[in-house]
Each structure stands twice: as structure tokens, then as C-alpha cells.
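Right, one structure below, let's go through it.
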Amino acid sequence: MSKVLTTCPYCGVGCGVAVTANGDAIQVEGDPNHPANYGRLCGKGMQLAQTLSPAGRLLQPHIDGKPESWSRATAHIASRFRQAIDRYGPDSVAFYLSGQLLTEDYYVANKLMKGFIGSANVDTNSRLCMSSAVAAHKRAFGSDTVPGCYQDFEQADLVVLVGSNLAWCQPVLFQRMMAAKAKRPQMKLVVIDPRRTATAAGADLHLPLQPGTDLALFHGLLRYLSRNAACTQQALAQLSLAQLNDYSIDKTAEITQLPLESLTTFFQWFKETDKTVTGFSMGINQSVNGVGQGNAIINCHLLTGRIGKPGMGPFSITGQPNAMGGREVGGLATSLAGHVDFADSDKRDAVAALWGSDNIATRAGLTAVPMFEAMAAGKIKVVWILGTNPMVSLPDTELVRRALQTCPTVVVSDCVIGTDTQRYADVLLPAKGWGEKQGTVTNSERRISRQRSFVAAQGRAQSDWWALCQVAKAMGFASGFDYRNEAEIFREHATLSAINGGPFDISALAQFSDHQYQQMGPLQWPQPAGKPLQLQPQRLFSSSGAGKIVIDHPQPRLGQGNFIVNSGRNRDQWHTMTRTGLATTLGRHRPYPQISIHPDDAAALGARSNDLLQLGSDILAPITISQSQRRGELFMPIHWSDNNSSAGSVNRLIDSQYDPISQQPGFKGARVEAKAQTVMWWGQLLLPTEIAPSLALMRFWTKQKVDEGTIWWFATDTDPECWRQWLITLPQLGRVWVDQQGNGLSSVLMQQGEQLSAALQLSPQHGQLAGDGWQEVLGQRLSAHLLQRLLVGRDEQLLCACVGLTESQVDKAIEDGANTAEKITQACGAGGGCGVCSMELQQRCDAHQQRQAVVQQGRVATVML
């Protein structure tokens, strides 16, 4: 047995993970010494061992669907690149990368494209989440630099979270903050979000503003501060008050549709609290005003001098494990490695000299959406997509489909097989996954951590940097890509960082030996050469007046429809579920996509909780009626795609509008038409993996991998007897164990020997289905307990993944007197693991108390009558 210290591959918190590997037995726990998480992991991190199954892995290279050797595959790719470059020029080829690549992979890709091919057509899916924050930081500070540290969220007296469902999207950071708040009850939390999210449930003040009005809100705050707060003279001198005339507190309340009293409270708290941190994420960045909104937040901190000091500052929270590491090496098409700008010819020449290149790109390349537009127009002849699934993650899915169909050569590197994007691939390359590959990642607080391998690579999978080097050599660039290992790449990356200097300078690490690289602990940049390594948290831009105030006016978001649709993450899933979908436990919290709608809107549409909701012509999914929604707005999670649902890919609805500065797509705030659809039957179907039902018989379906098979959740107008006959006549399922009808519920359970081999349940009412209790029962031995689990109607979902407690089990504890999240934990254990469900526990407590109050008021009214 050995314990390996590595880093979680999910969100940008960058949690340290300690893995104990003993043959096939893998145990995952938090690294108690890692400064990002101090031993705590969220539910996704805790279930990482479940994702290491060899099932579904891409195991060897393929060309045109046929297995090939690595040497043939890389020679073929090199030939296609060379042919396109020779005939159409270097801008006819492109790389599209991923925030899930390690920094060393990213570095080699950018060196090859920008340094040797001579084009800057290399962008990354980090464009979709962080590029507006990057542009805002560069305009304010002159560099792509987050000033603060995670400790600031614990040390602040006021934390403002804007466009961030931190409780679900970066759970460990949220739990750190809430633990600090529990110790200091005077600490305040303000959450600015149109929805009442799990994060908002823990807030002292929730501001459910109208979508797209964040810019007005912070312009209003800036105007208020300029008149009422202590401001730095340098920042005040930059401020043109005339630009803020339209943002009086009354006008800001009108624009944002916030109560004047709530807005005044927020402005006063911000004015009176020196130690203020403002965290912002996708709700700010993913907008046609994303850069302006980021600068509007930074402006308020610059004006008051609250930046770069303990408990103070703006903080952009990334949603990807290595979005910042990718930017360090030039992952975005708009810069070179080491944060070097194309326009700086001296530094650009220094990069070329270090690389030994005489063909370095001299101007920015195509960013994500324009890259795929150029592909669809026939201008990109070869694209290599590494570690991402643009058919699901990019906006305007039909544009992406057209682009991939048009492009003559599509190369896809991935660790899993069967993604939506791979359907259009001419060449597939098997990449090492988490646990197999090695390198570094950089988290949201600029902290570089190691990912280390602890299992052998599946099949013939290789590191992405190695595959890139093989292609580079086959193209004739051997001298620049003859690396022995990741440590050599990292040393070159660290050396290059000194060219630009400034905050991102890790040249002190350039002298690390291979052994030192292997043993390297988490380090926050800067780490310049000639100075001792800095092991304590580092904050930047603390000098008075550092930074530039930039004020933008809002860009209109165009579109038609009677609803605004918002999108985001579910608590226990990640991106398109290619990794989290392998962990059965994680699927129990939200096993299928749902569209949240306000009760008044549902009533206006004639929609019931048993209906489907159609959005435009592309989306059809079950309704969930929620008071957490504002009227006129909908919410749908991002995780489902054509690969696992009939019509659940929300990005089909999103057009390709983007911020004019960052070119980050405006995922938030698209307008759609909505209408309700009734269905005759709702069903659950549990089958072995090799069997699939007729999808033509389903109005809506989604599928999910579970232990030993697949569970299908569906809506249908086909009579239950037809489904029953189909199931019982499948010879490979054995014989009928239970065939039961009653109270509108139709259930058929099949057995193979003494084990459950399949199950079917249909009901006219969604709530009668057995729910998530089916997700871990296939292949279990037949018993009375199993029968009860399969037949008892309770369409509920898992609430606490760590302990395995459902909604009804938590509600029982509440009914027995546990009236706070803490008391629920004491009573049944829910919330006592990673803590990510604690806000949901409190919400259920609050809802129970509200129901009790209504009942009590009814009793009082009866007595008075």
C-alpha cells in the first residue's frame, strides 16, 4: 500500500487529495495539509474512486473508425496538418484545448501551434468560463492576476457573492467560508443571484436582481461609495462622476428590480465594512457584458482601497481545474506563453529565442466561437480537440455540428469513448485520465499543485503532451519537442515565465531537479528567481492607488421569447458527466434534467408538476415548480447532452452572442418560448448495459449508468401493457419475478437465477415512481427488502450523498424535532460528511417551519371564528 498526494480534477478550488492504492482497491480522502482544502472534499471528490473503472475508456488510437498504432496515427495527423499548412497557410489549422489538461500538456500545445506552426489558432474551453474575468483583470491591473487568497473569504467581515452558486459549484471553499461565519456570527454574507440557490439560503441578504443588470448594480454602488465612503484619492481622481449620473440608488433599484430597502442595506454594509471580499463567477463572466461587469466589481474595491489585504478584494472564482494554468502558458488565443502579449515585440522575440523558433505567431488567433464559425465556413481544414466536448459545452449546438461536419480532419483526444463530439472525429487518440497522468495545475488563488499518477494507464493511453510531441516530431520540429518527462517541460515553462516578469513569475522553480519536481508541494505564485520560495499566502496590488478604474456601458442582449433561461451546475455533477456519470452515487441527487419554473408562470402556462416543458423547438424536459425562481425566468442544468438524453442539452437554446472584448459567450439570459406538454405515463426502466429500449416510443428520455447496467427515466404515451410485453419477452432477462398492477402503478421485475436482472415501473403520476432507490439494485439477490425498495412509490432523490440519506429520511428527522441543519446532522448524520448539502437541509427545515406556521394560523383562525 502507498499513499499518493495529488489534486482533484474538478473545479478550480484545487483540493489536495490523498490516494491509497492497494491493487484494485483505491481509497480517496482529502489531503489534510493542502492549503486549498485542509482535508475536506466535496461529494464529487469523495467519489473519485468510483470514476476509475475501465468501462467506457478509449483504449487505442483510431483512424476513420479503425484501430491503429500510435505511430500510424501521429504520422497521419502530422501529414494532414502539413498538407493544410502548405496549401492554405498556418491559419487553416487549429487546436481547441481544455481546462482539464495539465499545464505541461497545455504548454506543449501552445509551443507547437504558436511557436512552430506559426498560428495563434489555439483556444480553450476556459474561454467559456474565465476570459471575461481575464480581460477585466488585465484592464484593471495590467495582468491576468487574481489578487487575493482563499483565506480572505474566512477573514472578511463581509463576503459578497455575485453570479456564483458557491455552495454547489465550489463546495469546499463555501464550507470554509461558512465555518468561519459560524465562529464569527457578525460576519455577513450577501448573495446576488436571480435564483434563490443553496448559496442564497445561507445568506444574510439575498438580492434577486433582474438578469443582466449586474453592471447597473455595481455602477450604482460605485456612485454611492464615491459620495459616502472613504475613497483613495488616486482612485477618486480617475473617476468620471458624469458616467455614473444614471445610477442613483433609486434608479439602480428600478433597473435591477430590487427593493430599495434591500439595495440600501447592501450599499451601507459595503460602505461601512473595510474587510470586504467580492467573489464572482459564471453569472458575471458568461454575459455579453462580462468584462464590464468584472471591472465594475473591481472598481468598487479600487475606489475604497480594499484590495490585496487580508479579508479584502475582488476574487474571480474559476470553474475548471486548470483554467489558470492554461492561461499561464498561452492557452487563450489572445496571448503567448508566460502572459506575453503579441504586441510586445521584444518579449515575443525572447519567447521565440527560448523556444528556438523562427516562425512564432505575431498576432492573436481565433477564439472559441469564431474558430468554429471559421470551421463551418470551410476556413479551418484541420482541428485537434483535446480533453473537451464542444458539441455540448459551446453555445449554438447546430453551428458546432455544422463546423465539425465541414472540417475535413477532426482529431479528438479523450480518455473516454462515445462523447457527442467524437461522432464527428476522423482520428481518435486515447489520453491518460486522472490517476494515470502527471503534471501540475493552478487553482483560483494562483496556487500550483501536482497531479500524480497512482494507477497504470488503461490500454494504450498516453499523456497529451507526449502525443503532441510525436506529431511535432513527425512534422519536422524534433529539436523543440524532445522532452523526456513532465519535469523538463515544467522547467522550461518556469524559465519562460521570467520573460514577462510581473506577478506571474515562477522562475525560482526553473532549477528544480526531477526529484524536486516530483516532491513539489503546493506553491502560490509569484515565485521569482533570486528570492526564497514563498510558502505563506501572497496577496497582490495592495499599494494605495494600484489599478485602473474602467467604466463600461451595457451592451444589449438581443433575442425573443417569453422567458429568460438561465443555466448552471447541479450539485453532484461536472460538465457533461463523462467522469461524474461513472459514479452511481453522484447520480442519485438529480438523476435527470429538470426545468425550474415559478408557480405563477406554471399556472399561466397551464403547467403541472407532472408535465413536460418544451423550450423552443429543441428542449423537452420535466418541470419542477419552484419558488426559488423569479417570475419570467427558467433554470436548467448544463450536464445533459444528446449522448444521455432525448432533448436535454440546454446549449441548443443559446445563440453565439458574446462579450465584444473577451469574446466569452453569453450563456446567461437567452430568451425562449415555453409551453407545457402533458404525458400519459412516466416510467423507470432498469436494464443490463447491452439492452436498450425503443427510443421512438418515448416522448422524453434520459439514461444514466448505474451498477451493472443502465437506468432509463422516461415519459411515454405508449400503454404499459406494450412495455410489459416487450420486457417479459426478452430471453436474456430470464423470467418474471414480480408482475404487479394497482393504484395506477404497473411494475414488472425480472430475475436471472436468484438475482434481479431488470425492472420496469410505469405510472400516470410522476410522484408514484420508486425514484432513486433503483440505482444500485441490478444484480442483487432477490429478497423482501429488495422488493420493497423496488415497489414502494416514492419519487424522491438522494439528499446527502456522503451518508446515503434521502429526502424522506431527512424529513423524518425534522418532524422529530431537528429544526436546524446542525440538529439534523446530530440526529441522522446528514450533512456531517463534506457538508455540501447543509444549505439544502436548512431549506427543508425552513419549509417545514413555514408549513407549521400556516397550519397554526389556520387553527387560530378557526378558534376566532
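The values are calculated or read from the model by the stated rules, or taken from the named source; none is laboratory data. Keep in mind that this is a model prediction, so the values were computed, not measured. Every residue, glycine among them, receives a Cβ derived from its backbone with ideal geometry; neighbour counts consider all protein chains shown.
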Next on the checklist: Being of a type in the set (A, V, I, L, M), under 18 Å from HIS766 (Cα atoms) and surrounded by fewer than 22 Cβ atoms within 10 Å (Cβ to Cβ): is that true of ILE597 here?
Outcome noted: no
Checklist entry - Out of all the residues in segment 91-109, which are in a helix (DSSP H, G or I) and either without any contact (Cβ under 8 Å) to a residue 60 or more places away in the chain or of a type in the set (A, V, I, L, M, F, W, C) (or both)? => result VAL108, ALA109
Checklist entry - strands (runs of 3 or more DSSP E) wholly in segment 670-765 with at least 1 residues that are farther than 20 Å from TYR592 by Cβ and of a type in the set (S, T, N, Q) - which ones? => result 735-742, 745-752, 755-763
Next on the checklist: Condition check: within 19 Å of ALA179 (Cβ to Cβ), touching a residue at least 12 places away in the same chain (Cβ under 8 Å), in contact with an Asp or Glu (Cβ under 9 Å, 6 or more places away or on another chain) and not charged (D, E, K, R). Does VAL777 satisfy that?
Outcome noted: no
Next on the checklist: Looking at segment 325-380 only, could you name the residues that are part of a helix (DSSP H, G or I) and of a type in the set (Gly, Ala, Ser)?
Outcome noted: GLY325, GLY326, ALA337, GLY338, SER345, ALA350, ALA352, ALA353, ALA368, ALA374, ALA376
Next on the checklist: Can you tell me which residue is farthest from VAL146 (Cα to Cα) among those in segment 1-50 that are of a type in the set (Ser, Thr, Tyr), outside any loop (DSSP other than H, G, I, E, B) and at pLDDT 95 or above?
Outcome noted: THR20
Next on the checklist: Residues to consider are GLN761, GLN765; find the one that is over 29 Å from the mean Cα position of the chain (by Cα) and surrounded by fewer than 19 Cβ atoms within 10 Å (Cβ to Cβ).
Outcome noted: GLN765
Checklist entry - Here are some residues: GLY319, GLY308. Which one is surrounded by fewer than 24 Cβ atoms within 10 Å (Cβ to Cβ), out of contact with any Asp or Glu (no Cβ under 8 Å at 6 or more places or on another chain) and part of a loop (DSSP other than H, G, I, E, B)? => result GLY308
Checklist outcome for this item: Screening LYS251, LYS183 for residues that are over 25 Å from LYS275 (Cβ atoms), surrounded by fewer than 19 Cβ atoms within 10 Å (Cβ to Cβ) and not assigned by TED's automatic domain parsing to the domain that holds TYR658 leaves only LYS251
Checklist outcome for this item: Residue hits (segment 524-536; crowded, with 16+ Cβ neighbours inside 10 Å and either among the acidic types (Asp, Glu) or in a loop (DSSP other than H, G, I, E, B) (or both)) are TRP525, PRO526, GLN527, PRO528
Next on the checklist: Please pick out the residue among GLY804, GLY753 that is surrounded by fewer than 19 Cβ atoms within 10 Å (Cβ to Cβ) and not assigned by TED's automatic domain parsing to the domain that holds ASP611.
Outcome noted: GLY804
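Each row is one residue, and each column tells you yes or no for (1) in a helix (DSSP H, G or I); (2) of a type in the set (Asp, Glu); (3) under 18 Å from ASP193 (Cα atoms); (4) in the same structural domain as ALA167 (by TED's automatic domain parsing).
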{"site": "ALA237", "(1), (2), (3), (4)": "yes, no, no, yes"}
{"site": "ILE255", "(1), (2), (3), (4)": "yes, no, yes, yes"}
{"site": "SER262", "(1), (2), (3), (4)": "yes, no, yes, yes"}
{"site": "GLN268", "(1), (2), (3), (4)": "yes, no, no, yes"}
{"site": "GLY279", "(1), (2), (3), (4)": "no, no, yes, yes"}
{"site": "SER287", "(1), (2), (3), (4)": "no, no, yes, yes"}
{"site": "GLY292", "(1), (2), (3), (4)": "yes, no, yes, yes"}
{"site": "ASN299", "(1), (2), (3), (4)": "yes, no, no, yes"}
